[in-house]
1. Here is a list of conditions, (1) of a type in the set (S, T, N, Q); (2) surrounded by 24 or more Cβ atoms within 10 Å (Cβ to Cβ); (3) more than 19 Å from residue A:445 (Cβ to Cβ), and residue A:310 meets all of them except one; can you say which number that is?
2. Is there a residue being crowded, with 18+ Cβ neighbours inside 10 Å, acidic (Asp, Glu), in a helix (DSSP H, G or I) and free of Cβ contacts under 8 Å to residues at least 12 places away in the same chain anywhere in the stretch A:216-234?
3. I'm checking my understanding of the structure. Among residues of the stretch A:530-548 that are over 20 Å from the mean Cα position of the chain (by Cα) and part of a helix (DSSP H, G or I), which one is surrounded by the most Cβ atoms within 10 Å (Cβ to Cβ)?
4. Which condition number does residue A:378 fail, the rest of (1) at pLDDT below 90; (2) of a type outside the set (A, V, I, L, M); (3) over 29 Å from residue A:57 (Cα atoms) being met?
5. Give the residue, chosen from A:521, A:525, A:485, that is among the β-branched types (Val, Ile, Thr), at pLDDT below 85 and more than 30 Å from residue A:261 (Cα to Cα).
6. For the subset of the stretch A:418-444 comprising residues that are of a type outside the set (A, V, I, L, M), part of a helix (DSSP H, G or I) and in contact with a helix residue (DSSP H, G or I) (Cβ under 9 Å, 6 or more places away or on another chain), which member is farthest from residue A:354 (Cα to Cα)?
7. Do the conditions hold for residue B:35, that is, is it modelled with pLDDT of 90 or more, within 11 Å of chain A (Cβ to nearest Cβ), surrounded by fewer than 16 Cβ atoms within 10 Å (Cβ to Cβ) and over 16 Å from residue A:321 (Cβ atoms)?
8. Output the number of residues of the stretch A:122-169 satisfying the condition of being assigned to a loop (DSSP other than H, G, I, E, B) and within 30 Å of residue A:309 (Cα to Cα).
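The values are calculated or read from the model by the stated rules, or taken from the named source; none is laboratory data. Being a predicted model, the structure only gives us computed values, none of them experimental. Don't worry about glycine lacking a Cβ; one is built from the backbone with ideal geometry, like all the others, and counts go over all protein chains shown.
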Amino acid sequence: MRRVLLVGNPNVGKSVVFDRLTGVYVVASNYPGTTVEFTRGRMRLGAEQAEVIDVPGTYSLEPTCAAEEVAVRMLDGIAVDDVVVNVVDSTNLERSLNLTLQLLARRRPMVVALNLWDETKHTGIEIDVPKLEAALGLSCAPLVAVTGMGVKDLVERIGLARPSMVSFDQARRWEEIGRIVGEVQRVTHRHHTFLERFRDASIRPFPGLFIAAGVLLAAFEIVRLIGEGLIGYVLGPLFEGLWAPVMMRLSGLLGGSGFFHQLLIGDLVDGGISFAESMGLLTTGLYVPLAAVLPYVFAFYLVLSFIEDTGYLPRLAVLLDGVMHRVGLHGMGAIPILLGLGCNVPGALATRIMETRRERFIAMTLIAIATPCMAKTSMIVGLAGRFGAAGLAPIFIALFLAWLVIGKLLAWLVKGESPEILVDIPPYRFPHVRALAKKLWMRMAGFFREAVPWVLAGVLLVNVLYFSGVMRLMGRLASPVVRGVLSLPDEAAGALVVGFLRKDVAVGMLAPLGLGLRQTVVGCVVLSMYFPCVATFAVMLREPGARDMLKASVVMVGSALAGGGPSELGDVCRGT
Amino acid sequence: MTRTVSLVEMDEGQAGTVRELAGGLAFVRRIEAMGLRPGIALVKTSGSAMWGPVTVRAGNIQLALGHGMASRVLLDVEIGEKGQRHA
């Protein structure tokens, strides 16, 4: 099958072009490096099918980092009739042509897609397309991938693509580029817009850090409002008003007790269903992922995806560079960790944007130990929220301190170099509704795949352990640690076991134990830190490998006991 | 009159023209491919407080470079300009 390779600089919209050509959606964001591994899809090319490959962004075919090496290797394997679609940022023609000139020297059928064409107008750039085509010896198609403008034309040109016959002196490439740009591009001066002034202000430590604090506070407030709103007005009433009566009838049919009643409905609390505490597959098993966790996950990804697509994150990365260096990472390390606040799995996967193994290991360990995912956070808010700030503040402060201390330790212990930040900062863009909706949909689908089955498995495990009496045995065996070190009731051992599968179910299991303030704080902190959930564990096992996973586990268990054991946390509680 | 300084030594808001990328081949290639090379005019948009990164704008390109890399980008700046800014 013929192949169509999408090649271009980072963050020029290759993934959006891929989406347009294939109908297969891949996550695109407004920062460089979103596609580190390549993605494949299919498109129609005349009468035949062709394979479309979204190659990771690269500035040059003389690779300078891991993602670029992947791109170059893929181009080395290219067949004679494969087509290269060089996606170009029309507002940065000069930089883009560096790659174009290297690509066309390979003499393969090739088309240039002049993406972000709409932005040339308000940046005062005029490109003479026929002149550019003559200079390069290639067909060039203006394109606005996010709206779909020019896509049909591009597809036609891909079908007709031919290699360039023009030769350039590759040793004096920048001079050749300068000559072409001088011939085909005219830049007219224009006044600075408000967005441009904001763009410069938001990257300076002052007022940038204040803007960052404002953006993050507003983001969390909006997440809270949407999450609470969905639970209070939509999903809560739905479960209490519609689902609870159905479950009560089922409970009656099952005779109110017995194995199946326990498994499906769970314990009745005061003669009724308690979705938080009953622990049946159809009650708590559905309520936790769908009503307690989903609203917050949805709200989080909605807000994060919006911020991502505006192009704010690389600026945040620059502002946080100093802090991130203390934990052995540079500013871009803040992005996977931010993603990890939604779900640790995509967060751990996003560590691929880091260059070295050392950085990826540190970032992944920090995500797994001290970056509470939204599922965990929403359950913690539900459990400790009844104590107000006195319950919540110590938990999140403890996690943040653990993050800093463990990060500092890892930076000191893990050998290897710590590269500096070098990143292209994209202009601010207004997020495109269609792209935003698709990204949100992809991420929610990911949540359903990663979370819901494990929540049900967790609830099932709870029931099996209780019914077989294993739970009581474990409680007694683990008592020296659980009661002795952590000062929690023996029954909390069950939560620690279930926490291997899902943290939200585990936190939920603490609810019926009637814990005091101090025990609640210790329980939540230990459950957060002692081990990642099974889905994150699988990613960590696959990505850095078993040896690194083992190292990370030692750090986790040790820090969980150290953080939850001593009564310092209790003192923090009494202090607030 | 012009003077040669590194990106780190430039003032925020100051303009200059890249004179030399003082580093190894990999460093030079990488920085050149991202848009900075001798002859390019740029403005320093922020930077270098507490060993933090420096950001620059050159045309439509804005880049953030770590402190160490920024210290290896040498530029020609007008001497008067720096004085004027402080006057």
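1. (2)
2. Checking the stretch A:216-234: not a single residue is crowded, with 18+ Cβ neighbours inside 10 Å, acidic (Asp, Glu), in a helix (DSSP H, G or I) and free of Cβ contacts under 8 Å to residues at least 12 places away in the same chain.
3. Of everything passing the filter in the stretch A:530-548, A:548 is surrounded by the most Cβ atoms within 10 Å (Cβ to Cβ).
4. (1)
5. Numbers: A:521 fails: at pLDDT below 85; A:525 fails: at pLDDT below 85.
Sole residue among the options that is among the β-branched types (Val, Ile, Thr), at pLDDT below 85 and more than 30 Å from residue A:261 (Cα to Cα): A:485.
6. First, pick out the residues of the stretch A:418-444 that are of a type outside the set (A, V, I, L, M): A:418-420, A:424, A:426-432, A:434, A:438-439, A:441, A:443.
Filter once more, so that each one left must be part of a helix (DSSP H, G or I): A:434, A:438-439, A:441, A:443.
After this cut, where a residue has to be in contact with a helix residue (DSSP H, G or I) (Cβ under 9 Å, 6 or more places away or on another chain) as well, the list is A:438-439, A:443.
Values: A:438: 25, A:439: 22, A:443: 21 Å.
Only one residue tops the list, namely A:438.
7. Details: modelled with pLDDT of 90 or more: yes; within 11 Å of chain A (Cβ to nearest Cβ): yes; surrounded by fewer than 16 Cβ atoms within 10 Å (Cβ to Cβ): no; over 16 Å from residue A:321 (Cβ atoms): yes.
Taking the combined requirement at face value, the residue does not satisfy it.
8. Our first condition is that a residue be assigned to a loop (DSSP other than H, G, I, E, B); within the stretch A:122-169, this holds for A:123-124, A:128, A:137-138, A:143, A:145-148, A:150, A:160-161, A:163-169.
Now drop any that are not within 30 Å of residue A:309 (Cα to Cα), which leaves A:123-124, A:128, A:143, A:145-148, A:150.
Of the residues in that region, 9 qualify.
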